[in-house]
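The values are calculated or read from the model by the stated rules, or taken from the named source; none is laboratory data. All figures in this text were calculated on a predicted structure; none of them were measured in a lab. All Cβ positions, even for glycine, are placed from backbone atoms using ideal geometry, and neighbour counts span all protein chains on display. Heavy atoms of the whole protein, side chains included, go into the accessibility calculation; ligands, DNA and RNA do not. Shrake-Rupley method; radii C 1.70, N 1.55, O 1.52, S 1.80 Å.
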Amino acid sequence: MTSDSLTTFSTRLARFPRLGLCDLPTPLERLDGLSGYLGGPTIWIKREDLTGLGFGGNKLRKLDYVLQEAIATDCDTLVSGGVVQSNSQRQVAAAAAKLGLACHLAVYHGRLTPPSPAYETSGNALLNKLYGATLHDVPWTGDRNAAILRIVEHLKAEGHKPFFVPYGVSSGLGAVGYSSAALEVAQQSQDLGFFPAAIVHCSGSAGTQAGLVVGAAQCLPRTRVVGIDIDAEPDRVEADVMTYAQEAANLLGVSFSAEDVEVVAGHAGPAYGVPHAATLEAMKLAGRHEALALDPVYSAKGLAGLIALIREGRWRKGEDLVFIHTGGAPALFAYAHLWNERN
Ligand SMILES: Cc1ncc(COP(=O)(O)O)c(C=O)c1O
């Protein structure tokens, strides 16, 4: 990694305008308590939960770039979707409120059995309403974008100018946006005087990992990006990472290798949105050693994967790792019952 390669990538990225919706750079902090407890490599955390607007999270970094198009083309409404406790759609709703746009969301039911009555009304579900989004209840069919696109067509027919935000804000441009996180990690780790052997994070709709892979290939070529599958669909996640990474690389005019894409299976628990013992252990360790709030759907499963890999001996004491806290704490309140019963 040289300062030249960071400057070159930063120049390429600067060709893509961003709206300035989120607070960047996000902090990179050392986790002494958790690292000491695990007795292995030094773990650092990239606080993507602190991107700011509307309770923050990883999607804002993508939206900052993607929504530039909505403003440039004079759209009046953002349209997206997700499950009831989707952090992604909550961040779209927050962005719409901030930008003075209307927001319509396809709320998918049936991807998971609601774990509690609070699941339907608390956390992200509550915030969507607070931020003024119009919610459309639709059944989950496995096609993540079909219902969102139907709402887009409906709004067009009514004379509105809707802007389609894909499920998870995952697209080539979304991944371009997220590649900025790899650039930040490169700059910050250089300033802090360490070399990250790996960047580890949870991977779902794949845009986050695609951006990290493309950004790391330019700014941190010896750092491994490790995505932990939390959707229980590792093959689908890997294929989508490849697709969005290729699209992002084309947009940026850079390259990466297919070997840079690693999606680790086996840490999703029984199903998407269903926490298991390792999820709860990760939440507990992050809370008690670092005062960090991880959610049981995404970030805690990501940390559970990292803990398992450390225990398997993949990295040693003396090495440094970056774990990305992708946000998601509002969903915690939909799972409070579980936490109370077990702890
Ligand atoms: C808190 C949180 N972490 C991680 C992810 C996964 O990111 P991606 O969908 O870009 O793979 C999501 C996606 O919804 C999320 O809400």
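Applying 1/(1 + (r/R0)^6) with R0 = 25 Å to the Cβ-Cβ distance of Ser10 and Arg236, what FRET efficiency is obtained, to the nearest 0.05? Provide the component values of the computation, followed by the final result.
On the way: r = 32 Å, r/R0 = 1.29.
With a Förster radius of 25 Å, E is 0.20.
Return one whole number: the accessible area per residue of the chain in Å², for a 1.4 Å probe. Could the numbers behind the result be given before it?
Numbers: 13200 Å² over 343 residues.
It amounts to 38 Å² per residue over the chain.
How much length would be gained if the chain were fully extended between Phe195 and Arg222, taking 0.36 nm per residue of separation minus their Cα-Cα distance, in nm to one decimal? Walk me through the intermediate numbers first.
Working: separation 27, 0.36 × 27 = 9.72 nm, distance 0.91 nm.
Working it through step by step, the gained length comes to 8.8 nm.
Please quote Rg/Rh for segment 245-313 to two decimal places, taking the Kirkwood radius as Rh and restricting both calculations to Cα atoms.
Details: Rg = 15.5 Å, Rh = 13.8 Å.
Using Cα coordinates only, the ratio equals 1.13.
In whole angstrom, how long is each semi-axis of the equivalent ellipsoid of the chain, when you take the square root of 5 times every eigenvalue of its Cα gyration tensor and sort them from largest down?
Values: eigenvalues 176, 127, 56 Å².
Taking √(5λ) for each eigenvalue gives 30, 25, 17 Å, largest first.
What does the accessible area of Thr113 come to, in Å² to the nearest 10, when a probe of 1.4 Å is used?
120
DSSP beta bridges in the chain, what fraction antiparallel, as a percent rounded to 5?
Numbers: 4 of 39 bridges.
Bridges in the chain that DSSP calls antiparallel: roughly 10 percent.
Would you kindly state how much longer the chain becomes between Thr134 and Ala277 on full extension, computed as 0.36 nm times their sequence separation minus their alpha carbon distance, in nm to one decimal? Spell out each step's value before the answer.
Details: separation 143, 0.36 × 143 = 51.48 nm, distance 3.59 nm.
Residue separation times 0.36 nm, minus the Cα-Cα distance, leaves 47.9 nm.
Among rounded, prolate and oblate, which fits segment 59-169 when a ≥ b ≥ c are the square roots of the eigenvalues of its C-alpha gyration tensor, a/c under 1.5 means rounded, and a/b larger than b/c means prolate? Spell out each step's value before the answer.
Details: a/c = 1.84, a/b = 1.45, b/c = 1.27.
Judged from the Cα gyration tensor, segment 59-169 comes out prolate (a/c at least 1.5, a/b above b/c).
Ignoring ligands, DNA and RNA, please state the percent of accessible area on the chain from carbon and sulfur, probe 1.4 Å.
Numbers: 6910 of 13200 Å².
Carbon with sulfur: 52 percent of the solvent-accessible area.
May I ask you to list the trypsin sites (Lys or Arg not before Pro) in segment 173-269 that are in a DSSP loop and have at most 12 other Cβ atoms within 10 Å of their Cβ?
Values: sites: Arg222, Arg224, Arg236; in loops: Arg222.
Qualifying residues, ordered by number: Arg222.
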